[in-house]
Amino acid sequence: MTDGALDLKISRHMAVPRVKLWQAWSDPALLVQWWCPKPWTTEVRAFDLRPGGAFHTVMRGPDGGISDNPGVFLEVVPMERLVSTSTLTAGWRPATPWMPMTAIIEMADEDGGTRYDATVLHPDADSAARHAELGFFDGWGTCMNQLEALATRLPD
């Protein structure tokens, strides 16, 4: 269940099969190609795709900006659902992130492609508003475009 004051959601139909989206999501070598809006780059420091497994990315901007994002996977249902949070790290260790959130990625077959939903839960309305002001919809939307473009190019 989501709360409109605390959560941000972006949803779209992607003209690519779920299996290819999952491949682009579950392979760190592919993830770095779409994870953050270009010209930013991504380094994957940890990617243990299981509940309790570490998920740590570092994004770097062309101006020298850095966004360090350690976290953990909470739920992994292959080709259907990924849940991760920045408020815990591997082994369920508490974290104090710069942006506390839980991300829920859901994929379902739709009209010959995939319905891709990304919902981000925040601890309070101020955090959700701050994330929106920082460009959630543009940034996550751009990443979704990059994900779809990459997945379209993956071999069958």
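Please treat every number below as a calculation from the coordinates, not as lab data. This structure is a prediction, so every number in the text was calculated from the model and none was measured. Cβ atoms come from the backbone with ideal geometry, glycine included; neighbour counts cover every protein chain shown.
Provide the net charge surrounding residue 142, with neighbours chosen by a C-beta distance below 14 Å and charges set as Lys +1, Arg +1, Asp -1, Glu -1. Residues near residue 142 contribute 0 overall. Only helices reaching 20 angstrom along their own axis (Cα) with mean Kyte-Doolittle hydropathy no lower than -0.5 count here, and for the DSSP H runs of the chain these are 136-153.
Among the listed values [x] 10, 37, 36, 14, 3, 0; [y] 11, 40, 40, 9, 0; [z] 11, 39, 31, 15, 5, 0, the one matching P(r) over Cα pairs in 10 Å bins from 0, in percent as calculated from this structure is [y]. With a cap of 11 neighbouring Cβ atoms within 10 Å, and only residues DSSP puts in a loop, list the GluC sites (Glu not before Pro) found in the range 1-108. Answer by residue number: there is no such site. The distance separating the Cα centre of the range 3-53 from that of the range 57-111 comes to 9 Å.
Other residues with beta-carbon under 13 Å from the beta-carbon of residue 116 carry, at +1 per Lys or Arg and -1 per Asp or Glu, a net charge of -1.
In the range 81-121, Cα pairs under 8 Å separated by at least six residues give a relative contact order of 35 percent.
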